[in-house]
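Below: one structure, written as structure tokens.
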Amino acid sequence: MRDLACDVAVIGAGTAGIAAHRAALSAGAKAVLIEQGPGGTTCARVGCMPSKLLITAAEAAEDARAAHRLGIHVGAVRVDGPAVLARMRHWRDRFVGSVFEGLEQLPDESRLTGRAVFEGPDCLRVDDHTRLRFKAAVLATGSSPSVPEPLRDLGERVLTTDTVFDIEDLPASLAVLGAGPVGLELAQAMARLGVRTSVFDPGDSLGSLSDPDLKAAAREIFSQAFDLHLGAKVEHAAPDGDGARLGWNGEGGAGEGRFTRVLAAAGRPPNVRGLGLERTGVSLDETGSPSYDSRSLLCEGAPILIAGDANADRPVLHEASRQGRIAGRNAARLAAGEGPERPERWVALAMVFSQPQIAVIGGGFSPGSGRIVGRADFCDQGRAQVMDRAQGGIRLYAEPDGRLTGAELVGPEVEHLGHLLAYAVQDGLDVRRFRDRPFYHPTLEEGLDTALSDLADRLD
């Protein structure tokens, strides 16, 4: 076993780890990036990009089916499942390949391959080939999909958010466990591609919505696309030929059904177990995750920082990238004997690329907070009606002094409105100042103007 030393050791070469490594190098530290594999980042390999490729194909199929509403007749729509999935994998592999190309440009001395395990507060063992001593470390080990207990005896009949993109053809039927952003996106896409789809979730919300009106609207909208079971928990599952038979209980009573495949989309716990963190002096909670400062990302008890999905705080790419940069810079500062920086956090921004889309800014609805709520609906909004996508609405939240604090949206292409609102909340913009901006006609942004007007009236 060889012995090496560095200033900063970065464990994990995903979005956060790559950003941390670059930041540490830019700060003048000697940094080593350790990757166990398979690499390519969660986003490119099993997350953002393959899911959007699947969604794009599904939207094309749905638009063709609905074209008659606009006076356009295209005939019967036939979905070629293997072709859809082959195109998705082609582009996914290109995105993953571009990540690997960037890593291959790094000098050999700044990269190690293997599983890293802590031997102490300043030492890592990488497989059985390298012992690496460091002055500071960044934990960017990402996350892995969880499989609920009832599904664990179903073998290959169970798909996860890691394996669903490698199937060769679309299943005849699919049960999706989890109605969060990922579950909702994949369920709608599969349904639009012709898969008989059912969604189960013990909660009462879709896509992390919390506003009561928007939750109800989303429930009505998406229940038209697939069989929806909110407030339902799958309690048992058993193999049934080449498929699976599930039994559930919930708001609508008990039920049972057979599905070709089951997709576990109920979350991705962080990869922090088995790393030897108990030998570092870091404070660990009951789940084995480190206690850390959410701004500096420094763990309690050791010069170790945690970034990206590994800290399970905001598991989205833009946060992982920024956290990686912060962790890398702070690791370099710790290695140089300096204290960490504590930059202000970005406003929380989450999106679901379903149709209609969902966006939640600043944490969403908070009953009893004393905040004022402004409302607008897309059902009677001009541009949404022109697009034949008049569904959903906008909810804006503001303090009594007029400062915007958050928003929730369900509607056509609200990814763009979500960004505008995130910037406004981040900058502490006042409702009246925000409304005193140009809103071009006819655009979906006029719906935001309507919600701002309603909010301003309520404040007055």
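The values are calculated or read from the model by the stated rules, or taken from the named source; none is laboratory data. All values reported here derive from a predicted model rather than from experimental measurement. Here the Cβ positions follow ideal geometry from the backbone for every residue, glycine too, while neighbour counts run over all protein chains shown.
The residue that is farthest from Asn330 (Cα to Cα), counting only those in segment 117-141 that are buried (at least 16 other Cβ atoms within 10 Å of the Cβ) and basic (Lys, Arg), is Arg125. Among residues of segment 408-426 that are buried (at least 24 other Cβ atoms within 10 Å of the Cβ), those with a beta-carbon under 6 Å from a residue that is among the polar types (S, T, N, Q) at least six positions away or on a different chain give the pairs Val414/Gln357. Within segment 70-78, not a single residue is assigned to a helix (DSSP H, G or I), at pLDDT 95 or above and closer than 16 Å to Ile167 by Cα.
Filter segment 271-300 for residues that are assigned to a loop (DSSP other than H, G, I, E, B) and more than 20 Å from Ser144 (Cβ to Cβ) and give the result.
Quick first cut of segment 271-300, residues assigned to a loop (DSSP other than H, G, I, E, B) only: 271-276, 280-283, 285-289, 291, 293-297, 300.
Within segment 271-300, Thr280, Gly281, Val282, Ser283, Ser291, Asp293, Ser294, Arg295, Ser296, Leu297, Glu300 qualify.
Results for (1) surrounded by 18 or more Cβ atoms within 10 Å (Cβ to Cβ); (2) closer than 22 Å to Pro150 by Cα, shown as yes or no for each residue.
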position: Arg192; (1), (2): yes, no
position: Arg196; (1), (2): no, yes
position: Asp201; (1), (2): yes, yes
position: Gly207; (1), (2): yes, no
position: Leu214; (1), (2): yes, no
position: Arg219; (1), (2): no, no
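Residues are listed down the side, and each one gets a yes or a no for (1) at pLDDT 95 or above; (2) in the same structural domain as Gly28 (by TED's automatic domain parsing); (3) not in a loop (DSSP other than H, G, I, E, B):
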| site | (1), (2), (3) |
| --- | --- |
| Ala302 | yes, yes, no |
| Leu305 | yes, yes, yes |
| Pro315 | no, yes, no |
| Arg325 | yes, yes, yes |
| Asn330 | yes, yes, yes |
| Pro340 | yes, no, no |
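Scoring Ala83 on the criteria (1) under 24 Å from Ala29 (Cβ atoms); (2) at pLDDT 95 or above; (3) of a type in the set (Gly, Ala, Ser) leaves a single failure, condition (1). Can you tell me which of (1) closer than 28 Å to Ala327 by Cα; (2) touching a Leu at 6+ places or on another chain (Cβ under 7 Å); (3) surrounded by fewer than 19 Cβ atoms within 10 Å (Cβ to Cβ) is the one Gly81 doesn't meet? Against the list (1) closer than 28 Å to Ala327 by Cα; (2) touching a Leu at 6+ places or on another chain (Cβ under 7 Å); (3) surrounded by fewer than 19 Cβ atoms within 10 Å (Cβ to Cβ), Gly81 comes up short only on (1).
Applying the condition of being among the small types (Gly, Ala, Ser) and not in a loop (DSSP other than H, G, I, E, B) to segment 342-372 and asking which residue is nearest to Glu413 (Cα to Cα) yields Ala359. Here Ile11, Ile55, Ile72 are screened, and the one residue that is outside the structural domain of Phe353 (by TED's automatic domain parsing), out of contact with any strand residue (DSSP E or B) (no Cβ under 6 Å at 6 or more places or on another chain) and surrounded by 17 or more Cβ atoms within 10 Å (Cβ to Cβ) is Ile55. The requirement of being within 16 Å of Gln355 (Cα to Cα) and either at pLDDT 95 or above or buried (at least 22 other Cβ atoms within 10 Å of the Cβ) (or both) is satisfied by Phe226. Does segment 84-116 hold any residues that are surrounded by 14 or more Cβ atoms within 10 Å (Cβ to Cβ) and over 27 Å from the mean Cα position of the chain (by Cα), and which are they? The answer is Leu106, Ser110, Arg111, Leu112.
Among the residues of segment 34-63, just one is of a type in the set (D, E, K, R) and not in a helix (DSSP H, G or I), namely Glu35.
When segment 259-271 is examined, which residues are found to be buried (at least 21 other Cβ atoms within 10 Å of the Cβ) and at pLDDT 95 or above? Break it down stepwise before answering.
Here is the first cut: in segment 259-271, the residues buried (at least 21 other Cβ atoms within 10 Å of the Cβ) are 259, 261-266, 268, 270.
Matches in segment 259-271: Phe259, Arg261, Val262, Leu263, Ala264, Ala265, Pro270.
What helices (runs of 4 or more DSSP H), lying completely within segment 373-460, carry at least 3 residues that are not charged (D, E, K, R)?
On the way: elements: 382-386, 414-426, 431-435, 445-459.
Filter on segment 373-460 gives 382-386, 414-426, 445-459.
Pairs linking a residue in segment 379-407 that is under 21 Å from Ile221 (Cα atoms) and assigned by TED's automatic domain parsing to the domain that holds Ser223 to a residue that is among the hydroxyl-bearing types (Ser, Thr, Tyr) and surrounded by 23 or more Cβ atoms within 10 Å (Cβ to Cβ), with Cβ atoms under 6 Å and 6 or more positions apart or on different chains, do not occur.
Given the structure, is Val272 among the hydrophobic types (A, V, I, L, M, F, W, C), within 13 Å of the chain's Cα centre (by Cα) and either farther than 16 Å from Pro343 by Cα or not assigned by TED's automatic domain parsing to the domain that holds Arg22 (or both)? So that I can check it myself, show each step before the final result.
Values: among the hydrophobic types (A, V, I, L, M, F, W, C): yes; within 13 Å of the chain's Cα centre (by Cα): no; either farther than 16 Å from Pro343 by Cα or not assigned by TED's automatic domain parsing to the domain that holds Arg22 (or both): yes.
For Val272, the condition - among the hydrophobic types (A, V, I, L, M, F, W, C), within 13 Å of the chain's Cα centre (by Cα) and either farther than 16 Å from Pro343 by Cα or not assigned by TED's automatic domain parsing to the domain that holds Arg22 (or both) - is not met.
The single residue among Leu246, Leu284, Leu275 that is in contact with a His (Cβ under 9 Å, 6 or more places away or on another chain), among the aliphatic types (A, V, I, L, M) and at negative phi turns out to be Leu246.
The single condition from (1) out of contact with any Gly (no Cβ under 6 Å at 6 or more places or on another chain); (2) closer than 29 Å to Val410 by Cα; (3) among the small types (Gly, Ala, Ser) that Ala137 fails is (2).
Among the conditions (1) in contact with a helix residue (DSSP H, G or I) (Cβ under 8 Å, 6 or more places away or on another chain); (2) aromatic (Phe, Trp, Tyr); (3) over 30 Å from Arg245 (Cβ atoms), the only one that Phe100 does not satisfy is (1).
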